[in-house]
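Novice: Sharing a structure below in structure tokens format, with a few things to ask.
The values are calculated or read from the model by the stated rules, or taken from the named source; none is laboratory data. Because the structure is a prediction, the values reported are computed rather than measured. With ideal geometry, Cβ positions are generated from the backbone for all residues, glycine too; neighbour counts draw on all protein chains shown. For accessibility, only protein heavy atoms count, side chains too; no ligands or nucleic acids. Shrake-Rupley method; radii C 1.70, N 1.55, O 1.52, S 1.80 Å.
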Amino acid sequence: MAQTPCSPLGVSALETGWEAYRADSNRVAAARFDAALQLCPDNLDAQVGLGFSLLRLGQVARADSLFRVVLTRSATNSDAWEGRARAALRLGDTAGAAAAGRRALVLAPNNQEFRSFLDRAAPDWNRPEAGNRFRPNLLQLVARTRGQGFEVATGNGWRPFYVKGVNLGVALPGRYPSEFPQDSTLYAGWLDTLAAMHANTVRVYTILPPAFYRALRGWNLSHPDHVLRLVHGVWTELPPRPDFAEPAWEAGFQREMRRVVDAVHGTGTIAVRPGHAGGRYDADVSPWVLGYIIGREWEPFAVKAFDAHSPSGSYSGRYLQVERGPAMDLWLARQCDAMLAYEVDSYNALHPIAYTNWPTLDPLSHPTEPTTAEEAYWRKRSGRRSEAQKLEYENDAIGLDANLIEPTAANPAGWFASYHAYPYYPDFMLLDPRYQQARSLEGRSSYFGYLRELVAHHRSMPTLIAEYGVPSSRGVAHLHPNGWGHGGHDEQEMAAIDARLTREIRESGAAGSIVFAWLDEWFKKNWMVIDYEIPLDNTRMWHNVMDAEQNYGILGEYAGEAATTPRLGEDPARWRRLPVLQSTPDTTGTLRRLRAGADESFVYLAVELAPGKFPWASRGIQLAIDTYLAGVGQHRLPRSEVQSEVGFEFLIDLATPERGTMAVTPDYQRHEFRVDPATGDDFGRFFRRPVITRDRKDGRFDSLFVVTNRARFGRDGTFFPARAYDRGRLMYGTEAGSTLADWYLDEESGFLQIRIPWDLLNVTDPSTRTLLFDRQTSGKYGTATAGDFHAGVVIYSKGAGMTPKVVAALPSLARGMWRKDDFTGWRWQGWIEPHWHSRLKPVYDSLRMLWRGAPSEAPGRPARRAPSD
């Protein structure tokens, strides 16, 4: 390093400073460099050394100021430029870091360690400034459709490309979906992990920040043998009315298409708008774009209304055409054509294109899926009740057919069909006889039967399954006869099911699959819980494990801190750290203490029993929980017959490890859905009553049963019974054994460990301590602010013909009665920022192993062992 003249003592301090720095003794190094500066105030080497030491110590702003001072005196100091780049990255200034990094490497081109650092931390540091791009004279074509598959251009010509992809949602816990991460290093890390998974494609739904495109370009330039292709979406909400041709709305949608094209070509600046990413897009990723998928899952009612009020006809565009079709098909062809035309006019490039579709709007006919009018007819004819308003979509009333749209002679990139297809919905996928009889190489599979028919319908083009998978949620939103439902899978089951679905998609002849999704996204919602997540805007602040939509991620996002969160069957010390809620002076008795705690997913209860084997054959355990109005609720416990001045809303009854349940007082049961055992019909869907806590002394607690699949008629009058499940069934075991486990008894330590999802306790938002408490019979559900929770524990005797007997109770009983004053209240703290941690779920490894052996080849051929793309 260049040095200004310095005294011998200063030189000695400087040398010992660098020795300490190289030995990672950063505080010593900082002290020695500071001493050198005291002796030699003009020495630039000492200022640079102090700057690097302060960087390591986390004093980034002070370090940055030192580097800036050096550069005002010596603009050719490569070390100061390197320090400035490293500091800028720590301060979030990626553009400043890239500029400083370029200067550093111009001055010191052999600094490979710093070059590697920049490649990782700011992958697009060596990109030229945006703007002033020339439109090529020759059409740029890097991907195309051919038959039922995709092809990509290589130096040796075109080769088949089978899509092995992941949908990249990017909303981190506590964030809105529009609060995109801005750090290139985060995206670079994700891409590196996805590539190690042997994925070859990522799909994004909307424009992400420039950092994502820089990271993708950086990855692909540095890994030419394993590039990641991009499928890019164009997001929109529905028009204000079901009029897709409304001029202002349609113009806005087309502006978004042009923004997408500009973003992937790395040109210009997109203004930041509410709900949208923006910035300077200077990373050209168009060489790796496999295709575009415009729009969203359109609702059938909107398509039906648009078709009814708009004329059918034909469409002849520059790159797409329709000989004859309904209004919505024509509109979609026109939008896709407009996007292709803009890309050609601006960049002389073309990519394959499709619109988003799903089974609800597929072009197939399903005999088990009636319209509302058809079901009303059969209900009336059979004497059953009918709903005043059907709450779900009409899933076979209308469709969209990609076969109606064809590429023109000017479009060598081609056209494809894109579907979001999950195995559990709509019900026709489970009920249609032709699907039930289908068998893949894996065995009987209605999902495979549906896919095979869908691919056969689109025989002249690729069919891409752009979303599929099952979630690792405790809650279930829709049941599946093969067990592939909308939730209710532990993480090992999720891994096995997703792998099987991936294999069946390939066997069906599809052009590839893009699994949903990369992250668990806490902001997501589904019909089973959405009415009870209040305020709805706060769903992002907590992790509802009963909400299937929040738990699809390959990268799991979990509540709390990884090192301290209590885990069933693991370190008892974590449970012992929970605050004591109830205790007894008798530390040698059967029942000793009750501890309670919480995080963003669960309430944790730890009951300290006497160590040793628990006699489940003769005894059971009850935990009664009061969540609101301590004096109001159920005042008698079944089985144990304990009386209580405190009124309880919930009761956990652990009769045996195989028979654990959680129940609710009838007045506080929010789901009125029931199934008639005689007819299989569901009832209780046609009215709403208050959901409150009332005084009761009858010992009654209701199960948490809920209907997931409503009773229905086929078009021929065939009746299909409703299906339901008990949300309060508690699974025994360790989390290592199943991520769905609810409770476990560690007999060595004596800790009975229980975790209860907030949603099961009718907590609508734990971050603001909000509970369901609804006096209304219509409109939005009402809430109340939580006060103190109270909990009591009973060990009771059991046996045929035996009068129940309380063996132990906490707090202690006075003549068979719990007194209110004997309870200690528990109150958790709300939060404004959630605590969370991440880890890869087993599905990462199941797909990694599968994709490692699945080459990119024509769809439908058996996979053979070969290196991944």
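Novice: Spelling out what I want: for every residue of region 267-278, take phi, set θ = phi - 60°, compute 6.51 cos²θ - 1.76 cosθ + 1.60 (Karplus), and round to whole Hz; glycine and proline get x.
Specialist: The phi angles translate into 10, x, 10, 10, 5, 6, 10, x, x, 9, 7, x Hz.
Novice: Also: Using only helices, what value at 222 nm comes out for the chain when you add -39,500 (n - 2.57) per DSSP H run of length 4 or more and divide by the total residues, to the nearest 500 deg cm²/dmol?
Specialist: -8500 deg cm²/dmol
Novice: At 37 °C and a viscosity of 0.692 mPa s, what translational diffusion coefficient does Stokes-Einstein give for region 185-252, taking Rh as the Kirkwood radius over Cα pairs? Give it in µm²/s as a whole number.
Specialist: For the chosen part, D equals 235 µm²/s.
Novice: Rounded to the nearest 5, what % of DSSP beta bridges with both residues in the chain are antiparallel?
Specialist: Within the chain, antiparallel bridges account for around 70 percent of the total.
Novice: Quick check: residue separation of residue 248 and residue 276 times 0.36 nm, minus the Cα distance between them. What number comes out in nm? The partial results should precede the final answer.
Specialist: Details: separation 28, 0.36 × 28 = 10.08 nm, distance 1.84 nm.
Additional length available on full extension: 8.2 nm.
Novice: If a/c stays under 1.5 just call it rounded; otherwise compare a/b with b/c (prolate if a/b is bigger, oblate if not). Do that for region 31-97, with a ≥ b ≥ c from the square roots of the Cα gyration tensor eigenvalues.
Specialist: Details: a/c = 2.68, a/b = 1.43, b/c = 1.88.
Oblate is the answer for region 31-97, as a/c is 1.5 or above yet b/c matches or exceeds a/b.
Novice: Here's a follow-up. Could you give the length gained on full extension between residue 457 and residue 777, defined as 0.36 nm per residue of separation minus the Cα-Cα distance, in nm?
Specialist: 110.5 nm
Novice: Measuring with a 1.4 Å probe in the full set of protein chains, what accessible area per residue, in whole Å², belongs to region 9-80?
Specialist: Using a 1.4 Å probe on heavy atoms only, each residue of region 9-80 averages 46 Å².
Novice: Based on alpha-carbon centroids, what's the gap between region 744-810 and region 467-492 in Å, whole number please?
Specialist: Comparing the Cα centres of region 744-810 and region 467-492, I get a distance of 25 Å.
Novice: May I pose another question? Ratio of alpha-carbon Rg to the 2.2 N^0.38 Å globular estimate for region 797-852, to two decimals, please. Write out the running numbers ahead of the final one.
Specialist: Values: Rg = 24.6 Å, N = 56, 2.2 N^0.38 = 10.2 Å.
For region 797-852, the normalised Cα radius of gyration comes out at 2.42.
Novice: Still on this structure, I have one more. Take every Cα-Cα distance within region 8-120, group them into 10 Å bins from 0 onward, and report for each bin the whole-number percent of pairs it holds.
Specialist: Percent of pairs per bin, in order: 16, 45, 33, 5, 0.
Novice: If I stretch the segment between residue 185 and residue 226 completely, what's the gain in nm (0.36 nm per residue apart, minus their alpha carbon distance), one decimal?
Specialist: 12.9 nm
Novice: Tabulate in residue order the Karplus-calculated ³J(HN,Hα) for region 492-497, using 6.51 cos²θ - 1.76 cosθ + 1.60 with θ = phi - 60°, rounded to whole Hz; enter x for Gly and Pro.
Specialist: So the J values, rounded to whole Hz, are 5, 5, 4, 4, 5, 5.
Novice: Find the cysteines in the chain that fail to meet the 4.7 Å Cβ criterion with every other cysteine, and list them.
Specialist: Flagged as lacking a Cys partner: 336.
Novice: Just to verify a number: FRET efficiency for residue 702 and residue 57, C-beta to C-beta distance, R0 = 60 Å, to 0.05?
Specialist: The computed FRET efficiency comes out at 0.50.
Novice: Accessible area per residue for region 372-502 in Å², computed with a 1.4 Å probe and the full protein assembly in place, what is it?
Specialist: I get 37 Å² per residue for this part.
Novice: Of 429, 160, 407, which is farthest towards the positive pole of the chain's charge dipole, taken about the Cα centre with +1 and -1 on the beta-carbons of Lys, Arg and Asp, Glu respectively?
Specialist: My answer, from the dipole projection, is 429.
Novice: Distance in nm between label sites at residue 571 and residue 798, each 7 Å beyond Cα in the beta-carbon direction?
Specialist: 3.4
Novice: Using 12 Å as the cut-off for backbone N distance, which residues of region 10-44 belong to the label zone defined by a point 7 Å from the Cα of residue 107 along Cα→Cβ?
Specialist: Zone members listed by number: 44.
Novice: Moving to a separate point now. Can you report the principal axis dimensions of region 598-647 using only the alpha carbons, biggest first, rounded to whole angstrom?
Specialist: 37, 33, 15
Novice: Next up: Given a 1.4 angstrom probe, what's the average accessible area per residue across region 771-853, in square angstrom?
Specialist: So region 771-853 comes to 53 Å² accessible per residue, rounded to a whole number.
Novice: Another question about this same structure. For the chain, with only Lys/Arg (+1) and Asp/Glu (-1) charged at the beta-carbon, what is the dipole magnitude about the Cα centre, in debye rounded to 20?
Specialist: With Lys and Arg at +1 and Asp and Glu at -1, about 540 debye.
Novice: Relative to a virtual label point 7 Å from the Cα of residue 34 in the Cα→beta-carbon direction, which members of region 66-90 show backbone nitrogen distances below 18 Å?
Specialist: Only 66-67 pass the distance filter.
Novice: Could you go through region 282-291 in sequence order and give the Karplus-derived ³J(HN,Hα) for each residue, using 6.51 cos²θ - 1.76 cosθ + 1.60 with θ = phi - 60°, rounded to whole Hz, and x for Gly and Pro?
Specialist: 10, 10, 7, 10, 4, x, 10, 6, 7, x
Novice: For residue 365 and residue 241, what is the calculated FRET efficiency with R₀ set at 41 Å and r taken between the beta-carbons, to the nearest 0.05?
Specialist: Here the calculated transfer efficiency is 0.90.
Novice: Here's another thing I want to ask about it. Classify region 379-526 from the C-alpha gyration tensor, please: rounded if a/c falls under 1.5, else prolate or oblate depending on whether a/b exceeds b/c.
Specialist: oblate
Novice: Where the accessible area of the chain is counted over protein heavy atoms with a 1.4 Å probe, how much of it, in %, is carbon and sulfur?
Specialist: 52
Novice: Follow-up question, since we're still on this one. Place the peptides 758-767, 376-385 in order of packing, highest mean first, counting for every residue the other Cβ atoms within 10 Å and averaging per peptide.
Specialist: The densest-packed peptide leads the list: 758-767, 376-385.
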